[in-house]
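In what follows, a structure is listed as structure tokens, so that the remarks can point back to it.
The values are calculated or read from the model by the stated rules, or taken from the named source; none is laboratory data. Since the structure is predicted, the reported quantities are computational estimates derived from the model, not experimental observations. Here the Cβ positions follow ideal geometry from the backbone for every residue, glycine too, while neighbour counts run over all protein chains shown. Only protein heavy atoms, including side chains, enter the accessible area calculation; ligands, DNA and RNA are left aside. Shrake-Rupley method; radii C 1.70, N 1.55, O 1.52, S 1.80 Å.
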Amino acid sequence: GAVSMSSVVKRNVDPDTFDQYILDDCEIFDVRYPTSDGMHGSDAVHVDPDYSAAYILLKFHHRSDTMVVPLVGHGMTFTLGRGNEVVCACLQSLFALVKGLSFGDITRDPLTFSRRITNDAQMRWLGPEKGVLHLACAAINNAVWDLWSWCHNQPLWKFVVDMDVDFLVDKCIDLKYVTDVLNVADIKLKLKQNQLRKQQRIDFLRYNGYPLYVTAAGWLGYSDETIRSLCRKYLAQGFRAFKMKTGRSVDDDMRRAKIMREAIGDDCVLMMDSNAVWDVATAISWMKQLSFARPYFIEEPTCPDDVLGHAEIAKELNKIGIKVATGETCQNKVMFKQLLQSKAVNVAQPDTARLNSVPEILAVLLLCDAFETPAIFHAGGVGLNEMVRHYIMLDYVMITGTLKDRMCEYAQHLAQHFEEECEHENGKYYPPKSAGFIRMKMSSIKEYQFPNGPVWRNKLQKLCKQDKQSKL
């Protein structure tokens, strides 16, 4: 079976009935939050992000009894606003590939289901396994794993760590293209050995939490006083690691780095992030000028696809004690494999909305473990904090068992829009408790739906009015 008997809890739906539920409908929502109004998320490249979600509800109706309440899985991926409608259109196209399957078909072999959408003979030309297609695949798989864990009345992280290891590795984790560096038998052995320590590790997380670093104090569009005020706020809340955005002007970065270092003191960790704005030589020279602030790492110093460029930057910056991190726009597990093989990164930063849900994210976590490189998830976006909270827990419990050099990004601006609000306690995340993965409140979806939700309707009406007045 998919789930070991030792973890049986009262289920919301009996798995023996899954074959009776047919995937026959979906709802897709273009949800956008106007975060650019407050410059939240702003950096050297993304100057005006509106945190957005291409959101899908997968609906499974009972094949014979119309009175039975349908099963509904919630899935999403993340964008920055414009273009979100393209991902929504892709979701509609992908749904046609899986319509008519039973939930039993899907959960007996979730990896085959995942490859049905990632590797369709015609759709794959839009990727393969990258870009808009991959974002849409992630949303659909997220909906499946949300519903599956909800049916078992477990939060996703706990549902995964309780799974039978052989089933998990053989039927859930996508190891295609990475078995040259990962051995399936070794993976199974390690995961089975770690199951012996599972409860001890869960208890540790429930008592001690998982440490966070905060990005929400260092957005590039913030004023100096805002940065100082937010640093004080997050210090008081228990944070001891901070990140600032860089890359617009070296003089401005030096001034802001001085402000942040003075605000947080010498005992706190300071990290930097240029969001791929530099070429290789510029990244090296720029960071040497910022080395006075003792940055722990520089994130995305150059083009995310430039593996050898990252390796050159790492070789030079490691000499002066600065690590190199990347991953938020790393398109798939193969790119992570190459970055790790080439010693191009000291820190891997998988993005839970860009990678293809549980099948691919677990593969990347196993790659990080094999190359002894910490995975520090990217979480700057709507829903990302909620998603990473599950993955850091299962990474610790199931794979690594260590917090050495580990932390997780905290960049939370929109927690109130989710059914299980994801807030830190003293600069730490604790294990999620609600069954399922993440679910946005339907009231928020309706309010922020683009372009006809009330928030955007009012905003667009004001813009039209201003435009007319400017032409008078």
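Test of understanding: what is the full-extension gain from N12 to F371, defined as 0.36 nm times their sequence separation minus their Cα-Cα distance? The partial results should precede the final answer.
Values: separation 359, 0.36 × 359 = 129.24 nm, distance 3.90 nm.
Going from the current span to full extension adds 125.3 nm.
For segment 313-408, which GluC sites (Glu not before Pro) pass both filters: DSSP loop (anything but H, G, I, E, B) and at most 14 other C-beta atoms within 10 Å?
Values: sites: E316, E328, E360, E372, E386; in loops: E328, E372.
Answer in residue order: E372.
The chain: longest stretch without exposed trypsin sites (Lys or Arg not before Pro) (DSSP loop, at most 13 other Cβ within 10 Å), sites themselves excluded?
On the way: sites that count: K10, R63, R82, K99, R197, K319, K404, K433, K441.
That would be 198-318.
Between S93 and D405, how many nm apart are label points set 7 Å from Cα along the C-beta direction?
4.0 nm
What full-extension length gain, to one decimal in nm, is calculated for K130 and R108 as 0.36 nm per residue of separation minus the Cα-Cα distance?
Numbers: separation 22, 0.36 × 22 = 7.92 nm, distance 2.58 nm.
Taking K130 through R108 to full extension adds about 5.3 nm, to one decimal.
Write down the Kirkwood hydrodynamic radius of segment 258-381, to one decimal in angstroms, obtained as one divided by the mean of 1/r over all alpha carbon pairs. Present the calculation step by step, with values, prior to reporting the outcome.
On the way: mean 1/r = 0.0684 Å⁻¹.
It is 14.6 Å.
Could you pull the Rg and Dmax for the chain, using just the Cα atoms, both in Å?
Using the Cα atoms of the chain, the pair Rg, Dmax is 22.1, 74 Å.
May I ask you to derive the FRET efficiency for R294 and N208 from their Cβ-Cβ distance with R0 = 25 Å, giving the value to the nearest 0.05?
Numbers: r = 27 Å, r/R0 = 1.06.
The computed FRET efficiency comes out at 0.40.
Give me the accessible area per residue for the chain, probe 1.4 Å, as a whole number in Å². Working shown, then result.
On the way: 18980 Å² over 472 residues.
Computed with neighbouring chains in place, this is 40 Å² per residue.
Using only DSSP helix segments of four residues or longer, with each worth -39500 (n - 2.57), what per-residue ellipticity at 222 nm results for the chain after dividing by its residue count and rounding to 500?
Numbers: 17 runs with 195 residues, N = 472.
It comes out at -12500 deg cm²/dmol, rounded to the nearest 500.
On the protein heavy atoms, probe 1.4 angstrom, tell me the percent of accessible surface of the chain carried by carbon and sulfur. Spell out each step's value before the answer.
On the way: 9500 of 18980 Å².
The nonpolar share, carbon plus sulfur, comes to 50 percent.
Between Q199 and V250, take the C-beta separation as r, use R0 = 51 Å, and let me know the FRET efficiency to the nearest 0.05. Intermediate values should be presented prior to the final figure.
Numbers: r = 50 Å, r/R0 = 0.99.
After rounding, the FRET efficiency stands at 0.50.
Give me the distance between the Cα centres of segment 371-419 and segment 65-144, rounded to whole Å.
23 Å
Run the numbers for D267 and D19: contour at 0.36 nm per residue of separation, minus the present Cα-Cα distance, in nm. Mind dumping the intermediate values first?
Working: separation 248, 0.36 × 248 = 89.28 nm, distance 5.62 nm.
Going from the current span to full extension adds 83.7 nm.
When only Cα pairs under 8 Å and 6 or more residues apart are kept, what is the percent relative contact order across the chain?
Details: 934 pairs, mean separation 85.3, N = 472.
Result for the chain is 18 percent.
Please list, in order, the residues from segment 365-390 whose amide nitrogen is less than 18 Å from a point placed 7 Å along the Cα→Cβ vector of E425.
386, 389-390
Can you figure out the FRET efficiency of M67 with T179, using R₀ = 51 Å and their beta-carbon distance, to the nearest 0.05? Walk me through the numbers before you get to the answer.
Values: r = 47 Å, r/R0 = 0.93.
Computed FRET efficiency for M67 and T179 comes out at 0.60.
What does the accessible area of H62 come to, in Å² to the nearest 10, when a probe of 1.4 Å is used?
40 Å²
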